[in-house]
Amino acid sequence: MRSCKEIIDKVKEYRDSFDEEQIVKAYEFAKKKHEGMFRKSGEPFFSHPAEVAYILAELRMDVPTIVAGLLHDTVEDTDTTLEEIEKEFGREVAFIVKGVTKLEGYHFTSKEERDAESFRNLLISLAEDIRVLIVKLADRLHNMRTLSSMSRESQLRNAKETLSIYAPLANRLGMYRLKNELEDLSLLYLEPEVYREIEKKVEEVKKKLLPYLEGVIATVKERLKESNLNGEIQWRIKHIYGIYRKMVRKNIPFEEVYDVAGIRIITDTVADCYQILGIIHSLWTPVPGRIKDYIATPKPNMYQSLHTTVVGPKGQFIEFQIRTWEMHQVAEMGIAAHWKYKEGGGALSEAEKERFIWLRNLLEWVKEEKDPREFIESVKSDLYGEEVYVFTPKGDLKTLPVGSTPVDFAYAIHTSVGHRCKAAKVNGKLVPLNYTLQSGDRVEIITGNEERPSRDWLNFVKTSKARNAIKNFLRKEENERAKKLGESLLDKAIRKLSEKSLSTLKEEEDFSEVLSSLGYSNLDSALIDIGYMQLDPEKLARRLLKIPVETEKRKKKTKTAQDTSGIKVDGIDNVMVSLADCCHPLPGDEVVGVVNSGKGIVIHTANCIVARQIEESAPGKVVSVEFEPSNRVYNAKVRVSVEDRPGMLANVSSAIAKFKINIASVNVRRSSTGRAVMDFILQVKSREELENVLRAIKNVKGVIAAKRIYRERVKQEALN
């Protein structure tokens, strides 16, 4: 267990004066609170917060952050309250502890939902203090270092979460040293055999390459001395997960990863960096396309260096990284390096906010996305993966995930630009909106006057900001259409029960009490629910008209709800719908919807006799619907008349099978005319697919006729 003295001595390495007493006080406070508690490994529980505080000191963080590291588990795991933390250690420390603490006192339907909401809470805290995340990363690093005592299930769960969320977050903050260790530890538990095999090969490479690298370093040192340039030269080995990821991404064996080892040169000034680059290129031939200037164009996580790969002695590829000492500090510790110099809290400056634009986008998503699972998946997709660097027509740099499109670029400029995007030019040429942007592209968005994002864009946009903005716009539109449909249905219900209309009733009555009793704050929200078939319009009409609600007759058991993907009622998704048994509608049919109490909207073909009779007797019950193809299949009845001879069923079935269509059932009977009649129920995706099948059946030798059939007998109950 780390002693308090070890933590304080580590802080003394980078701070001349600080509040030692605050660290001692927090150390003793947390140690007492966790007394008698033990980790799975059998170690005292307090060993964990002590190690977290030491990691934060290694990251050169300020005293409030180290104190928060010592206290971060006290609220969650002991009787300590946030009020107590604030009283003893101040509001700043209490805020960081609150941000790191898992949510308590809330009801969650699953562990996944709980974890997602806790993570959302952490991200929201970042808006005010980035140190919340730095403490969380230190906490996760020590937990990963001590994961061996956990069950295999816990190891896998924690390793996957670390690799998909926490390591990418560390990368986004430029904390490469911490990120590399998190990735390596995750691989150790996810793929232990692969990890150990790569580890073994790395050791072999180190033994083989070390004399070679020392020779290269000696040559460079001599040239720097001749040029009166200072520079510390180090050899480095790529971390194990970095090698593994390159092997997987490029589908190559370890032996073909040529940058396992490299050389780093740390010098005094930016001018020296470029001079040293010139010297390296005068010594060995640079590899085309492998020179990267991250000094002139820093990465979004503040990383700066010159990278070049040369063909060194004996034809060996060598990668050089050249940077200043300040750049090296940032490269190792990222944003944490700022606390060596920074005082007065953890809020990001405006310049830092601009650099960490990904965080701003993430926070927008946090505030708006309600579904915890969709939220966590979006966070993963935004954090994980590489980036492309593209330019506006004015030359401003924009950073986007690899695979981004002009639509993602438009939303990165502004939500309104995204909504009004009509076309795009890349490097002066018109491109499709789903064009994949490449680094260096200059992108121009052509906008219209109206905001009209397309639902199709959701099929190719990459960023959560674009996806979230499009979904929100479409959701608002659908709610507006649902409201109009709900208004129409409620008005019809009121007219049916009285001589009034909805508009006259609104003028005469105050609806607030009735709406409140049903759980609605206003009429609009009730109308939207009626539009989505979540509220019976007649039930609300009776309450508004103060008519006693009739006792409902016992209803027959309804069938299990059908998957009705692709159906929209007046342009609205998510309406409770079912398919009529009388006509078996298919995507591609001309269809109508019939309002049915208890079933929501029942979809019929437009020429269905049942639907026609309902429209004649109760026209208010018929609404317009769209039935678009989806991935699901639907039952369709087909009747085939054939010559009565052996092998006909097999021949017809074979014709159907060529379309990879499932035959749900078949019934064969002989007719009085000496023919055989086959009634099939086929599972098809659309009317078009069924028509193709029917054409193929008609071409089978011996087939007299083949047609789609509907239920012959009309159910009177469908009119109810």
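The values are calculated or read from the model by the stated rules, or taken from the named source; none is laboratory data. It should be emphasised that the depicted structure is a prediction, and the values quoted were computed from it without experimental measurement. Neighbour counts run over all protein chains shown; Cβ positions are idealised from the backbone, glycine included.
In the list Asn459, Asn434, Asn427, which residue meets the criterion of being under 18 Å from the mean Cα position of the chain (by Cα) and not hydroxyl-bearing (Ser, Thr, Tyr)? Don't jump to the end; show me each part of the working.
Working: Asn434 fails: under 18 Å from the mean Cα position of the chain (by Cα); Asn427 fails: under 18 Å from the mean Cα position of the chain (by Cα).
Only one candidate passes the filter, namely Asn459.
At pLDDT 90 or above, of a type outside the set (D, E, K, R) and more than 39 Å from the chain's Cα centre (by Cα): is that true of Thr324 in this structure? The answer is no for Thr324.
In region 258-288, what residues are of a type in the set (S, T, N, Q), closer than 23 Å to Ala331 by Cα and in a strand (DSSP E or B)? Talk me through it step by step, then tell me what you get.
In the first step, residues of region 258-288 are kept if they are of a type in the set (S, T, N, Q); the result is 267, 269, 275, 282, 285.
After this cut, where a residue has to be closer than 23 Å to Ala331 by Cα as well, the list is 267, 269, 275.
Within region 258-288, just Thr267 meets the criteria.
Conditions tested, residue by residue: (1) out of contact with any Phe, Trp or Tyr (no Cβ under 8 Å at 6 or more places or on another chain); (2) surrounded by fewer than 14 Cβ atoms within 10 Å (Cβ to Cβ); (3) modelled with pLDDT of 90 or more.
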| residue | (1), (2), (3) |
| --- | --- |
| Arg670 | yes, yes, no |
| Gly674 | yes, yes, no |
| Leu682 | yes, no, yes |
| Lys685 | no, no, no |
| Leu690 | yes, no, yes |
| Leu694 | yes, no, yes |
| Lys698 | yes, no, yes |
| Ala706 | yes, no, yes |
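Among (1) modelled with pLDDT of 90 or more; (2) surrounded by 22 or more Cβ atoms within 10 Å (Cβ to Cβ); (3) under 33 Å from the mean Cα position of the chain (by Cα), where does Ile85 come up short? Status for Ile85: all satisfied but (3). Quick check, is Asn472 in a helix (DSSP H, G or I) and over 27 Å from Ser501 (Cβ atoms)? Judged against the criteria, Asn472 is a match. All conditions but one from (1) at positive phi; (2) surrounded by fewer than 22 Cβ atoms within 10 Å (Cβ to Cβ); (3) not polar (S, T, N, Q) apply to Leu147; the one that does not is (1). Pairs are defined by a Cβ separation below 8 Å, a sequence spacing of at least 6 or placement on different chains, a first member in region 694-708 that is assigned by TED's automatic domain parsing to the domain that holds Asp644, and a second member that is charged (D, E, K, R) and assigned to a helix (DSSP H, G or I); the pairs so defined are Ala705/Lys698; Ala706/Lys698. Within region 437-469, being in a helix (DSSP H, G or I), closer than 15 Å to Thr399 by Cβ and not polar (S, T, N, Q) holds for Lys465, Ala466. In region 293-313 there is at least one residue matching the filter, namely being under 33 Å from the mean Cα position of the chain (by Cα), surrounded by fewer than 17 Cβ atoms within 10 Å (Cβ to Cβ) and among the hydrophobic types (A, V, I, L, M, F, W, C). You will find that of Arg236, Arg157, the residue that is surrounded by fewer than 17 Cβ atoms within 10 Å (Cβ to Cβ), outside the structural domain of Arg323 (by TED's automatic domain parsing) and at pLDDT below 90 is Arg157 and no other.
Has region 327-335 got at least one residue that is surrounded by fewer than 19 Cβ atoms within 10 Å (Cβ to Cβ), at pLDDT 85 or above and in a helix (DSSP H, G or I)?
Keep residues of region 327-335 that are surrounded by fewer than 19 Cβ atoms within 10 Å (Cβ to Cβ), which gives 329, 332.
Still in the running and at pLDDT 85 or above: 329.
Within this subset, residues satisfying the condition of being in a helix (DSSP H, G or I) are 329.
Within region 327-335 (the criterion being surrounded by fewer than 19 Cβ atoms within 10 Å (Cβ to Cβ), at pLDDT 85 or above and in a helix (DSSP H, G or I)), the answer is yes, since at least one residue qualifies.
For Ile252, the conditions (1) in a helix (DSSP H, G or I); (2) of a type in the set (A, V, I, L, M, F, W, C); (3) loosely packed, with under 14 Cβ neighbours inside 10 Å are fulfilled apart from (1).
Screening Glu222 against (1) charged (D, E, K, R); (2) out of contact with any Leu (no Cβ under 8 Å at 6 or more places or on another chain); (3) in contact (Cβ under 8 Å) with a residue 60 or more places away in the chain leaves a single unmet condition, (3). Scanning region 257-290 for residues that are exposed (fewer than 15 other Cβ atoms within 10 Å of the Cβ) and in contact with a His (Cβ under 8 Å, 6 or more places away or on another chain) gives a single hit, Arg290. Here the condition is being modelled with pLDDT under 85, of a type in the set (Asp, Glu) and not assigned by TED's automatic domain parsing to the domain that holds Thr399; of Asp184, Asp139, Asp129, it holds for Asp129 alone. I'd like the residue in region 21-65 that is of a type in the set (D, E, K, R) and surrounded by 15 or more Cβ atoms within 10 Å (Cβ to Cβ) and, out of all such residues, is farthest from Val132 (Cα to Cα). Here the answer is Arg39.
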